[in-house]
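Note sheet for the following structure.
The values are calculated or read from the model by the stated rules, or taken from the named source; none is laboratory data. Only a predicted model underlies this, so the values are computations on that prediction, with no experimental measurement involved. As a convention, Cβ positions derive from the backbone with ideal geometry for all residues, glycine included, and neighbour counts pool all protein chains shown.
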Amino acid sequence: MNGDFDRFVVVTGGPGSGKTTLLNRLGHQGLTSTVEAGRGVIQDQMTIGGSALPWADQALFAELMLSWEMRSYRWAQQRTEVVLFDRAVPDVLGYLRLAGLSVPAHASAAAELFRYHRQVFIAPPWPEIFSQDSERRQDLAEAERTYDAMVEIYTELGYEVIDLPRAEVATRVEFVTDRITSGRAEDTAASR
């Protein structure tokens, strides 16, 4: 869409891998981030009794996540600093594939138009910290499949995927901030 994508940094991964905890801590350090679409849509739909839920209508859930992610992108374009994305448009494509649904042409078009920094941080499955809650109903096996789907879709779209270390949040914070501030993300791309 424009040159903004260089400052739009994605953090993705399967559920229960510490991604949002990391982003919350980075926020406490003054970095700006978006709200995860999936959790936000689930919370909104549960509040209003809607059916756009992953356990009720996966296609509708994906559509609302796609709209959420595009809106987050537009919001980030109004900012001047680095913006961390708690998932992004490509995650919706990964979700659709994971759910066994076809990816509509408009979703593929969105993934091509709404671009992010070429290095994407991904939280690998981490059984020791994995947990479920009322919004995160996936089991560990599905979290692992989600990780694989995200690696696949981001790679197909031309991004380099960088695994976050399975380490305490302070170490992950340092890992991300070092790469954002020094531009060393290019040197740490995970070998696949």
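Do you know which residues across region 95-108 are over 18 Å from the mean Cα position of the chain (by Cα) and more than 21 Å from Trp55 (Cα to Cα)?
Across region 95-108, the qualifying residues are Ala105, His106.
Considering every residue within region 78-86, establish whether at least one is in a helix (DSSP H, G or I), of a type outside the set (S, T, N, Q), surrounded by 13 or more Cβ atoms within 10 Å (Cβ to Cβ) and in contact (Cβ under 8 Å) with a residue 24 or more places away in the chain. Explain how you work it out, then say what you get.
The first filter runs over region 78-86 and keeps only residues in a helix (DSSP H, G or I), leaving none.
Within region 78-86, not a single residue is in a helix (DSSP H, G or I), of a type outside the set (S, T, N, Q), surrounded by 13 or more Cβ atoms within 10 Å (Cβ to Cβ) and in contact (Cβ under 8 Å) with a residue 24 or more places away in the chain.
Does region 98-137 hold any residues that are assigned to a helix (DSSP H, G or I) and either surrounded by 16 or more Cβ atoms within 10 Å (Cβ to Cβ) or modelled with pLDDT under 95 (or both), and which are they? First the steps, then the outcome.
Of region 98-137, the ones assigned to a helix (DSSP H, G or I) are 98, 105-113.
Of everything in region 98-137, those that are assigned to a helix (DSSP H, G or I) and either surrounded by 16 or more Cβ atoms within 10 Å (Cβ to Cβ) or modelled with pLDDT under 95 (or both) turn out to be Leu98, Ala107, Ala110, Ala111.
Consider Ser182 against the criteria (1) among the hydroxyl-bearing types (Ser, Thr, Tyr); (2) modelled with pLDDT of 95 or more; (3) farther than 19 Å from Thr20 by Cα: it satisfies all of them except one. Which criterion is unmet?
(2)
Say whether the condition of being in a loop (DSSP other than H, G, I, E, B) and either crowded, with 16+ Cβ neighbours inside 10 Å or in contact with a His (Cβ under 9 Å, 6 or more places away or on another chain) (or both) is met by at least one residue in region 55-75.
Checking region 55-75: not a single residue is in a loop (DSSP other than H, G, I, E, B) and either crowded, with 16+ Cβ neighbours inside 10 Å or in contact with a His (Cβ under 9 Å, 6 or more places away or on another chain) (or both).
So which of Thr21, Thr34, Thr47 is closer than 22 Å to Thr146 by Cα, modelled with pLDDT of 95 or more and among the hydroxyl-bearing types (Ser, Thr, Tyr)?
Criteria check complete, one pass: Thr34.
For region 63-75, check the following and say yes or no: at least one residue is under 18 Å from Val41 (Cβ atoms), touching a residue at least 60 places away in the same chain (Cβ under 8 Å) and touching a strand residue (DSSP E or B) at 6+ places or on another chain (Cβ under 8 Å).
Within region 63-75 (the criterion being under 18 Å from Val41 (Cβ atoms), touching a residue at least 60 places away in the same chain (Cβ under 8 Å) and touching a strand residue (DSSP E or B) at 6+ places or on another chain (Cβ under 8 Å)), the answer is yes, since at least one residue qualifies.
Taking Glu69 as the residue in question, decide whether it is touching a Lys or Arg at 6+ places or on another chain (Cβ under 6 Å) and of a type in the set (Asp, Glu).
No, not satisfied.
Would you mind stating whether Leu93 is touching a residue at least 24 places away in the same chain (Cβ under 8 Å) and either more than 16 Å from Tyr116 (Cα to Cα) or not basic (Lys, Arg) (or both)?
yes
Name the residue, out of Trp68, Trp75, that is under 15 Å from the mean Cα position of the chain (by Cα), aromatic (Phe, Trp, Tyr) and more than 22 Å from Glu160 (Cα to Cα).
Answer to the check: Trp68.
Just a yes or no: is a residue in region 164-174 under 25 Å from Thr32 (Cα atoms), part of a strand (DSSP E or B) and modelled with pLDDT of 70 or more? Give the derivation first.
Our first condition is that a residue be under 25 Å from Thr32 (Cα atoms); within region 164-174, this holds for 164-174.
Those left that are additionally part of a strand (DSSP E or B): none.
No, the conditions are met nowhere in region 164-174.
Which residue pairs have Cβ atoms closer than 7 Å, lie 6 or more positions apart in sequence or on different chains, and pair a first residue in region 150-167 that is in contact (Cβ under 8 Å) with a residue 24 or more places away in the chain and under 22 Å from Ser102 (Cα atoms) with a second residue that is in a loop (DSSP other than H, G, I, E, B) and of a type in the set (S, T, N, Q)?
none
Scan region 35-60 for residues that are without any contact (Cβ under 8 Å) to a residue 24 or more places away in the chain and either under 22 Å from Thr20 (Cβ atoms) or not polar (S, T, N, Q) (or both) and jot them down.
Asp44, Gln45, Thr47, Ile48, Gly49, Gly50, Ala52, Leu53, Ala56, Asp57, Leu60, listed by residue number.
Report yes if Arg87 is under 20 Å from Arg145 (Cβ atoms) and in contact with a Ser or Thr (Cβ under 7 Å, 6 or more places away or on another chain), otherwise no.
Considered against the rule, which asks whether it is under 20 Å from Arg145 (Cβ atoms) and in contact with a Ser or Thr (Cβ under 7 Å, 6 or more places away or on another chain), Arg87 comes out as yes.
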